[in-house]
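I have placed the structure first, in the form of structure tokens, so that the comments after it can refer back to it.
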């Protein structure tokens, strides 16, 4: 027990040291960038103007004069003058503040004063802070399970990046096959790392895979029978790969998370009931499983719907703001998201009975071996 506590404290110390070191690193890594970086040291708003678009919508434009100090490159340490024009709505631009670090291009030198343009914002330190908040929240709440969840998450991100790189580099590789393999690995890695090697996990893995395959088969059949009417692929217009294949691959990955959640919920619940009462009947397990499934079905389906729809709110507001007809705006911006939410919802509903009977099958096997 003492050795376990020492190991835990060592892990916490290592993570704290990693957090501090990484934050210090991203705040002093300017020399590693090829692009010129400048830190804002003062700003003033020089002028404002009112503009009206073709639909009569009014907006206010501000011209911001910025002085910044260059942090890398041949001109390191010198000050540069930048100009930024931003709108009150902030749809495609933003106001910069003292301390912001910007990617810039140096255009000319007026006397002894450098002049340049703003290209982008250096955001790595903000992303890192949010990532560490996520890590420590998981550790505080989940302890060992939280650490395993972090490891699982990192492995899944690396696996997905590798799979996408393979698909991008090799045109002949089927994206659906790549995603199918990823689903197998995602499911195994996520559930085995977090829940361990036991019957409960095996039941959840089987239920996840069956539920995913069945729900996507139904979705594919519906899309084939309707010839995809109502699906608007305009948001994928810049892709050089088949829209339908990319969309179906997205359904594969998007549905997996919700289905996996339901599968492990059903499996854990039924195994917990069995561990409390080894004499519990199959009928009681089935009834309890259906009650649990009914409770989680609505909330998880709603979460899936909100997760998909939230990403389209900015474009939907922009369409309505520009006087697009309501029906056109909704069909253009929400058709694919609603299709994804419905596909995931089908998987959630189907995984409840699949998860129940899969868990009961493994419980029966465990009961027979005792």
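The values are calculated or read from the model by the stated rules, or taken from the named source; none is laboratory data. Predicted model, so just to flag it, every value in this text is computed and none were measured. No Cβ is skipped: glycine too gets one built from the backbone with ideal geometry, and neighbour counts run over all protein chains shown.
A single member of 151, 140 is free of Cβ contacts under 8 Å to residues at least 24 places away in the same chain, over 28 Å from residue 94 (Cβ atoms) and over 15 Å from the mean Cα position of the chain (by Cα), and it is 140.
Criterion first (exposed (fewer than 12 other Cβ atoms within 10 Å of the Cβ) and in a helix (DSSP H, G or I)) does residue 161 satisfy it? When the stated conditions are applied, residue 161 passes them.
In the condition set (1) in a loop (DSSP other than H, G, I, E, B); (2) under 30 Å from residue 143 (Cβ atoms), residue 34 is compliant with all but (2).
A single member of 178, 168, 173 is farther than 30 Å from residue 69 by Cα, surrounded by 15 or more Cβ atoms within 10 Å (Cβ to Cβ) and either in the same structural domain as residue 317 (by TED's automatic domain parsing) or in contact with a strand residue (DSSP E or B) (Cβ under 6 Å, 6 or more places away or on another chain) (or both), and it is 178.
Taking the conditions exactly as written (surrounded by fewer than 20 Cβ atoms within 10 Å (Cβ to Cβ), in contact with a helix residue (DSSP H, G or I) (Cβ under 6 Å, 6 or more places away or on another chain), modelled with pLDDT of 80 or more and in the same structural domain as residue 337 (by TED's automatic domain parsing)), does residue 210 satisfy them or not?
Judged against the criteria, residue 210 is a match.
Scanning region 266-280 for residues that are in contact with a helix residue (DSSP H, G or I) (Cβ under 8 Å, 6 or more places away or on another chain) and not in a helix (DSSP H, G or I), which turns out surrounded by the fewest Cβ atoms within 10 Å (Cβ to Cβ)?
So, considering only residues that are in contact with a helix residue (DSSP H, G or I) (Cβ under 8 Å, 6 or more places away or on another chain) and not in a helix (DSSP H, G or I), the one surrounded by the fewest Cβ atoms within 10 Å (Cβ to Cβ) is 278.
Farther than 29 Å from residue 354 by Cβ and either buried (at least 18 other Cβ atoms within 10 Å of the Cβ) or without any contact (Cβ under 8 Å) to a residue 12 or more places away in the chain (or both): is that true of residue 204 in this structure?
Values: farther than 29 Å from residue 354 by Cβ: no; either buried (at least 18 other Cβ atoms within 10 Å of the Cβ) or without any contact (Cβ under 8 Å) to a residue 12 or more places away in the chain (or both): yes.
When the stated conditions are applied, residue 204 does not pass them.
Is at least one residue of region 334-354 in contact with a helix residue (DSSP H, G or I) (Cβ under 8 Å, 6 or more places away or on another chain) and farther than 21 Å from residue 219 by Cβ? No, every residue in region 334-354 fails to be in contact with a helix residue (DSSP H, G or I) (Cβ under 8 Å, 6 or more places away or on another chain) and farther than 21 Å from residue 219 by Cβ. Does residue 286 satisfy being part of a loop (DSSP other than H, G, I, E, B), touching a helix residue (DSSP H, G or I) at 6+ places or on another chain (Cβ under 7 Å) and touching a residue at least 12 places away in the same chain (Cβ under 8 Å)? So residue 286 fails the test.
Yes or no, residue by residue, for (1) modelled with pLDDT of 90 or more; (2) within 30 Å of residue 361 (Cα to Cα); (3) in contact with a helix residue (DSSP H, G or I) (Cβ under 9 Å, 6 or more places away or on another chain):
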residue: 110; (1), (2), (3): no, no, no
residue: 132; (1), (2), (3): yes, no, yes
residue: 160; (1), (2), (3): no, no, yes
residue: 182; (1), (2), (3): no, yes, yes
residue: 190; (1), (2), (3): no, yes, yes
residue: 205; (1), (2), (3): yes, yes, yes
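Residues in region 304-335 that are surrounded by 16 or more Cβ atoms within 10 Å (Cβ to Cβ), within 17 Å of the chain's Cα centre (by Cα) and part of a helix (DSSP H, G or I): 304, 305, 307, 308, 309. Could you tell me whether region 279-290 includes any residue that is modelled with pLDDT of 90 or more and within 25 Å of residue 186 (Cβ to Cβ)? For region 279-290, residues modelled with pLDDT of 90 or more and within 25 Å of residue 186 (Cβ to Cβ): present.
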